[in-house]
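The values are calculated or read from the model by the stated rules, or taken from the named source; none is laboratory data. Keep in mind that this is a model prediction, so the values were computed, not measured. Here the Cβ positions follow ideal geometry from the backbone for every residue, glycine too, while neighbour counts run over all protein chains shown.
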Amino acid sequence: MNEMLLLTAVLALLLAATALVVAVSASRQASRRARRSRRAPELPTDVQGLRSEVHALRAEVSDALRHLSVVRYDAFGDMGGHLSWSLALLDDAGNGVVLTSIHGRSDARTYAKGVTDWSCDQQLSPEEEEAIKFARTAA
């Protein structure tokens with residue numbers, strides 16, 4: 001009688017283990033099917049080519065002077081018309097130049113200062129700093 005109970009228990013254990021293996025296998029297959037259905041469809045090669053061209057163009061344009069700003073002001077208190085100006089011309093990394101033209105009654109002087117990483121080694125006037133600040137926010 002004990003042998004019969006032991007044999008029944010072993011058979012039940014084998015049957016439970018087999019059911020567990022089948023259930024795990026079915027769960028994995030269902031998971032794979034769900035992942036495949038969530039995947040984006042394959043893109044045509046021309047779309048993939050366009051994406052790579054757009055990526056290359058973005059890399060090229062990062063060196064372009066795209067951040068521009070002009071600040072006009074009166075350099076001298078006795079003159080009006082905002083004839084003096086500071087112009088910031090910078091790329092995406094903040095490299096470029098600030099041009100300043102100061103107009104007086106009898107002459108005008110123009111200055112150029114190099115800008116690296118949104119700052120300058122030379123002392124900047126408040127108007128030049130403002131031009132760089134505005135250029136940084138412009139795109």
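Given Ala75, Ala108, Ala88, which one is within 28 Å of the chain's Cα centre (by Cα) and closer than 26 Å to Ala135 by Cα? Can you show your working first?
Working: Ala75 fails: within 28 Å of the chain's Cα centre (by Cα); Ala108 fails: within 28 Å of the chain's Cα centre (by Cα).
Result of the check over Ala75, Ala108, Ala88: Ala88.
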**Request:** For the stretch 48-121, please list each of the strands (runs of 3 or more DSSP E) lying entirely inside it that holds at least 1 residues being touching a Phe, Trp or Tyr at 6+ places or on another chain (Cβ under 8 Å), of a type in the set (D, E, K, R) and free of Cβ contacts under 8 Å to residues at least 40 places away in the same chain.
**Result:** 67-73
**Message:** Tell me whether the stretch 68-80 contains one or more residues that are surrounded by 11 or more Cβ atoms within 10 Å (Cβ to Cβ), modelled with pLDDT under 85, under 30 Å from Thr116 (Cβ atoms) and of a type in the set (S, T, N, Q).
**Reply:** no
**Unique residue being modelled with pLDDT of 95 or more and aliphatic (A, V, I, L, M) when the list is Ala88, Ala138, Ala108** = Ala88
